[in-house]
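Only one structure is covered here, and it is reproduced in the block below.
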Amino acid sequence: MTRAQEVIKKYIYKNFHRDSVMLFPVDQDKIKLIDKEGACMTLTLNLYGDIMDADTRKIYAVSDLPHDLNRIGLQMPQSWREVDRV
C-alpha cells in the first residue's frame, strides 16, 4: 500500500467503523470502499491532501494542510474537515 493509500485509509478509519466497510487498494493512489449493503465508491487525494471521489472529483473532506503548494512540502495530512453539503 502506498503512502497516499495509507492516508486515505486513515481518513476512512476515522470516519467509518472498521467492520462496516471493506477496503481495496486501486492503482497507486486510490482506495475502493464497499459497505455491507454493497454500495461502493473509490476515494483518492488531491495535491492538498483533500479526500475526493476518484470518479466525480467531488471533495468530501478538506485536509489540515495549507492549500498553497509552496508551503506543503512533504507534509502529510493529519485531519480533515467535512465539506458543508448544500
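Throughout, read-outs are computed from the coordinates displayed, never taken from laboratory work. Bear in mind that the values here come from a model prediction, so they are computed numbers and not experimental data. Using ideal geometry, Cβ is built from the backbone for each residue, glycine included, and neighbour counts are taken over all protein chains shown.
Annotations for the structure displayed:
- With at most 13 other Cβ atoms within 10 Å, longest stretch of the chain clear of loop trypsin sites (Lys or Arg not before Pro) (DSSP): 1-35
- Spread over its residues, the convex hull of the C-alpha atoms of the chain is 104 Å³ per residue.
- Gain in span if fully extended, PHE24 to ARG3, counting 0.36 nm per residue against the direct Cα distance: 6.1 nm
- Nearest-0.05 FRET efficiency for HIS17 and ASP84, computed from C-beta distance (R0 30 Å): 0.80
- Distant-in-sequence amide H partners of VAL83 (H built 1.01 Å from N, under 5 Å): ALA61, VAL62
- If you run the Gaussian network model on the chain, springs between alpha carbon atoms under 10 Å, then out of ILE31, ILE51, ILE72 the most flexible one is ILE72.
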